[in-house]
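The values are calculated or read from the model by the stated rules, or taken from the named source; none is laboratory data. On a predicted model such as this, the values are computed, not experimentally measured, just so you know. Cβ placement follows ideal geometry from the backbone for every residue including glycine, while neighbour counts extend to all protein chains displayed. Accessible surface areas use protein heavy atoms only, side chains included; no ligands, DNA or RNA. Shrake-Rupley method; radii C 1.70, N 1.55, O 1.52, S 1.80 Å.
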Amino acid sequence: MKKRIDAITILKILGVIIGLIQLFDIAIHAATDQLEFLRVSSNVIILLWLAISASGRLNVKSLLTAVSAVGSYLILNGIFLAREGWTNPEQGGELRIMLLLLVFLTVASSGVLAYLQSRRV
């Protein structure tokens, strides 16, 4: 019984961390008046996946939904980079390190969450 509670707690904590990363990303863009539709849309997709996942409605299709959400997130961020470039002219042409870091953290932690959820079913 104790092991199951720990696994559920880990899943919840990981979900909260991923959600906070998305909210942080949106907040950064809002604070700097640089809200980009593609980036915010990708954040919302992850937040919706987390909400649906937390509701417990996925069960069998949880891995497919996770792959779809994370894949959409990556595609939208890839389109953003293709359109806007790997550097930010508003920051003196600096590499978009924060974007790359947030995308990496989101994809890595989402992969772990999806894997753990699929093992639970």
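Please report the carbon-and-sulfur percent of the accessible area for the chain; probe 1.4 Å, protein heavy atoms only, DNA, RNA and ligands left out.
Roughly 69 percent, rounded to a whole number.
Rounded to whole Å and ordered largest first, report the semi-axes of the equivalent ellipsoid of the chain derived from its Cα gyration tensor (root of 5λ). Walk me through the numbers on the way to the answer.
Working: eigenvalues 178, 38, 27 Å².
Taking √(5λ) for each Cα gyration eigenvalue gives 30, 14, 12 Å.
Summing Lys, Arg as +1 and Asp, Glu as -1, what charge do residues with Cβ under 13 Å from the Cβ of residue 34 carry, residue 34 excluded? Numbers along the way, then the final one.
Working: positive: 39, 96; negative: 25, 33, 36, 84, 90.
Charge balance near residue 34 sits at -3.
If contacts are Cα pairs under 8 angstrom and at least 6 residues apart, what is the relative contact order of the chain in percent?
Relative contact order for the chain comes out at 33 percent.
If you build a Gaussian network model of the chain, linking Cα atoms that sit under 10 Å apart, which residue out of 18, 46, 26 swings the most?
Fluctuation is largest for 26.
Can you tell me the order of 81-88, 36-43 when each peptide is scored by its average per-residue count of other Cβ atoms within 10 angstrom, highest first?
Top to bottom by mean Cβ count within 10 Å: 36-43, 81-88.
Hey, what do the phi angles of segment 6-18 turn into as Karplus ³J(HN,Hα) couplings, whole Hz, using 6.51/-1.76/1.60 and θ = phi - 60°, x for Gly and Pro?
Values per residue, Gly and Pro as x: 5, 5, 5, 5, 4, 4, 5, 5, 4, x, 5, 4, 4 Hz.
For labels at residue 44 and residue 64 in the simple 7 Å Cα→Cβ model, what's the distance in nm?
2.5 nm
Give me the tail of P(r) for segment 52-100 as a percent: Cα-Cα pairs with distance above 18 Å. Don't jump to the answer; show the numbers that get you there.
Numbers: 571 of 1176 pairs.
Distances greater than 18 Å cover 49 percent of the Cα pairs.
How far, in degrees from 0 to 90, does helix 97-120 lean away from the longest principal axis of the Cα atoms of the chain, to the nearest 10?
Once rounded, one gets 10 degrees.
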